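One structure is given here, and the rest of the page talks about it.
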Amino acid sequence: MTAAKRAHSILFAAVASLSVAGLAVAGAAWADPSGEQSAFTPPSGAEIPKGGFGEMVALGRDIFTDTSKHAGAFVGNDLNCSNCHLDKGRLAGAAPLWAAYVAYPAFRKKNQRVNTFEERLQGCFRYSMNGKAPPLGDTTLIALQAYAYWLAKGAPTGVDMNGRGYPAPKKPERLDLARGGEIYAQKCALCHGADGAGLKAADGSVAFPPLWGPRSYNWGAGMSVITNAAGFIKANMPLGLGGTLSDEDAWNVAAFVDSHERPQDPRFEGSVAETRKAHHDNPLDLYGTEIGGVTLGENSPPSGPQPK
Amino acid sequence: MIASKVWLFFAMSAITSVTGRPAVAAEAGSVIATQGNGRGAVACKACHGEAGAGIPAVGFPRLAGMSKEYIVRQLDAFADGGRAHTMMSPVAKALSPDERAAVAAYFEAARAPATPGLAPVDEATLARGAVLARDGAWSKGLPACGQCHGPDGGGIAPAFPPLAGQSEKYLKAQLDAWRQGKRTGDPLQLMTVVASKLDDAEVAAVAAYYARLPPEAKGEER
């Protein structure tokens, strides 16, 4: 899908949604009004087959939605895969697994080589989950692959599917952290807390995941690049109100979220400046830059699972 | 139990004196709940029960265990018109802000057992409600109710009230009130949008489902 077409469908969703009591109610942010290349529909959870393969698929789903419970050894924060890949990895516009599965093996700039899907999954644990990579062939990775493979049943291979990734909204000329902070206080703090640490339910389970601080994704994660965060937030946040923030607000609040300290980049070898040069040389990545007199990365909590 | 009540009393007076607000102690909350305030607010007990169990059959809501902040927000809404109800609005208007806080603290700490004797519902309806509660309906942009109301409907304090064990009639009435634009003022209009995506059958299913879940067993038995 071309950028112009993407923009068109987002715009359309926003207009179509003004119906209910004057509110902007975006349905699935990815409903393609032209119907020309409508988003792929993965099989429903009820269709998981019986038997050994089905059990592996179900385990993959459980790892995806309750990651520390089912793959705790590889997790170092309070997140689940499904916190960023909504509806158990099924939702278009939230980097769905079915669109990812058919796109690998693929070349990645991050490590300058062709990655298999299994290697891609390793990166999710190391960065987004601030944990450590399960070894290739580990049951954790096999189960996740089985789940993604099953979700992608019937999808074409080798194409960039409609609904893949986090569609980046149109970037404003300049980003405004102060404005981002205002949006955050109005529209995000209710669930993620004024301090970004998230909120727990009475039973101690994580209800709303942390956005920064020691229990969130680390400085090597895709979400710490403002472009990805803006795309995710525009399509999916506030929860249930995806598509309602203006492009500009989505960018500003994404920049605000990513202007806070979080666990160190696991590739850090002692110098924030060197790490920035090697891995964060991007104006839309605030690692190693100075915000309010402090250099981000200098005071990061350590990366990886910490002893309790 | 007596000890914990005494402790609660001291904790409350400590908080009110630290914040420098007029000391409306926990005692005052229980007096309002059981006897009213003598200035137009009748005893809450008459309709919500002394322990906050409500009267589910007629749609008088359970209040036991709800967060103080949520209860105060609703009393404010009844008083200023964001929510309107022939019985509740006059009661709320007759309460001072301090009295609202005191009676809210009383019901937050209250605990009431589940109401027995709910009529049986067919499996298919319950199953449909369970799917909405746990998975949502993302094809129309609807998150799972449990993402905001807690995994078992126990609520996520302070802003997201419990649904488990709530009166079925009341749950339905609230969802319909949002759908018809009669209940407003919900934070970020989150519920206005959620309710707008439900059809009649889904409202009935999810109300039936939550009404039959056990209420959170927390707070103090009275």
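The values are calculated or read from the model by the stated rules, or taken from the named source; none is laboratory data. Keep in mind it's a predicted model, so treat the numbers as computed, not measured. All Cβ positions, even for glycine, are placed from backbone atoms using ideal geometry, and neighbour counts span all protein chains on display. For accessibility, only protein heavy atoms count, side chains too; no ligands or nucleic acids. Shrake-Rupley method; radii C 1.70, N 1.55, O 1.52, S 1.80 Å.
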In percent, what relative contact order does chain B have, based on Cα pairs under 8 Å that are 6 or more apart in sequence? 22
For segment B:99-149 and segment A:92-143, distance of Cα centres in Å: 37
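Please give me, ordered by residue number, the chymotrypsin sites (Phe, Trp or Tyr not before Pro) of segment A:122-202 that lie in loop per DSSP and have at most 12 other Cβ atoms within 10 Å.
Details: sites: A:F125, A:Y127, A:Y147, A:Y149, A:W150, A:Y184; in loops: none.
Here no chymotrypsin sites (Phe, Trp or Tyr not before Pro) fit, given the DSSP loop and packing criteria.
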Whole-Hz Karplus ³J(HN,Hα) for segment A:119-130, in order, using 6.51 cos²θ - 1.76 cosθ + 1.60 and θ = phi - 60°, x for Gly and Pro? 5, 4, 5, 4, x, 4, 5, 5, 10, 4, 8, 6
Sequence-distant residues sharing a close amide H with A:N115 (under 5 Å, placed H): A:A106, A:F107, A:R108
Sorted by accessible area with a 1.4 angstrom probe, largest first, how do A:H85, A:H192 fall? A:H85, A:H192
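Where Rh denotes the Kirkwood radius from the mean inverse Cα pair distance, what is Rg over Rh for chain B?
Rg/Rh for chain B comes to 0.98.
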Run down the aspartates and glutamates and flag those whose C-alpha is under 13 Å from the C-alpha of A:K69, throwing out any fewer than 8 positions away in its chain. A:D78
Quick one: P(r) of segment A:240-308 from all Cα-Cα pairs, 10 Å bins, percents rounded to integers, in order of increasing distance. 19, 43, 24, 13, 1
Would you work out the charge dipole size for the protein assembly as shown about its Cα centre, treating the Cβ of every Lys and Arg as +1 and the Cβ of every Asp and Glu as -1, and quote it to the nearest 20 debye? 280
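Return the equivalent ellipsoid semi-axes of segment A:82-237 as a descending list in whole Å, where each equals the square root of 5 times an eigenvalue of the C-alpha gyration tensor.
For segment A:82-237, the semi-axes come out at 28, 19, 16 Å.
Over 30 Å between Cα atoms: which of A:K88/A:K234; B:K93/B:K172; B:K140/B:K172; A:K109/B:K140; A:K88/B:K68 fall into that group?
In this structure, A:K109/B:K140; A:K88/B:K68 exceed 30 Å between Cα atoms.
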So what are the three principal axis dimensions of segment B:55-156 from its Cα atoms, in whole Å, longest to shortest? 45, 34, 26
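For segment B:44-120, which chymotrypsin sites (Phe, Trp or Tyr not before Pro) are in a loop by DSSP, counting at most 15 other Cβ atoms within 10 Å?
none
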Rounded to the nearest 500, what is chain B's calculated 222 nm mean residue ellipticity when only DSSP H runs of at least 4 contribute -39500 (n - 2.57) each, over all residues? -15000 deg cm²/dmol
Going from the alpha-carbon gyration tensor of the protein assembly as shown, what semi-axes, largest first and in whole Å, does one get by taking the root of 5 times each eigenvalue? 43, 27, 23
Using a 1.4 angstrom probe and counting only protein chains, how large is the accessible area of B:C47 in Å², to 10? 40
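Would you be so kind as to identify all helices of chain B, as entire DSSP H runs, whose Cα atoms reach 24 Å or more along the helix's own axis and whose mean Kyte-Doolittle hydropathy is at least 0.0? Mind dumping the intermediate values first?
Working: long enough: B:2-19 (26 Å, 1.42).
Qualifying helices, which must be both long enough and hydrophobic enough, are B:2-19.
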What distance in nm lies between label points placed 7 Å from Cα along the C-beta direction at B:K140 and B:R39? 4.6
Please state the equivalent ellipsoid semi-axes for segment A:184-308: what are the square roots of 5 times the Cα gyration tensor eigenvalues, largest first, in whole Å? 24, 19, 11
Taking H placed 1.01 Å from N in the peptide plane, check which residues at least 5 places from B:A110 or on another chain put their amide H under 5 Å from its amide H. B:G65, B:E220
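Quick one: dipole size for segment B:138-222, taken about the Cα centre, charges +1 on Lys/Arg Cβ and -1 on Asp/Glu Cβ, in debye to the nearest 20. The partial results should precede the final answer.
Values: 10 positive and 10 negative charges, 43 e Å.
My answer is approximately 200 debye.
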Three principal axis lengths of chain A [C-alpha, angstrom, descending]: 55, 50, 44
What total accessible surface area, summed over both chains, is buried at the interface between chains A and B, computed with a 1.4 Å probe and given in Å² to the nearest 100? 1900
What residue among B:A101, B:H85, B:G38 has its Cα farthest toward the positive end of the dipole of chain B, where the charges are +1 on Lys, Arg and -1 on Asp, Glu, each on the Cβ? B:G38
Along the principal axes of its C-alpha atoms, what lengths does segment A:47-163 span, in descending order and rounded to whole Å? 40, 34, 26
So A:K171 and A:R108, fully extended at 0.36 nm per residue minus their Cα-Cα distance, gain in nm 20.3 nm
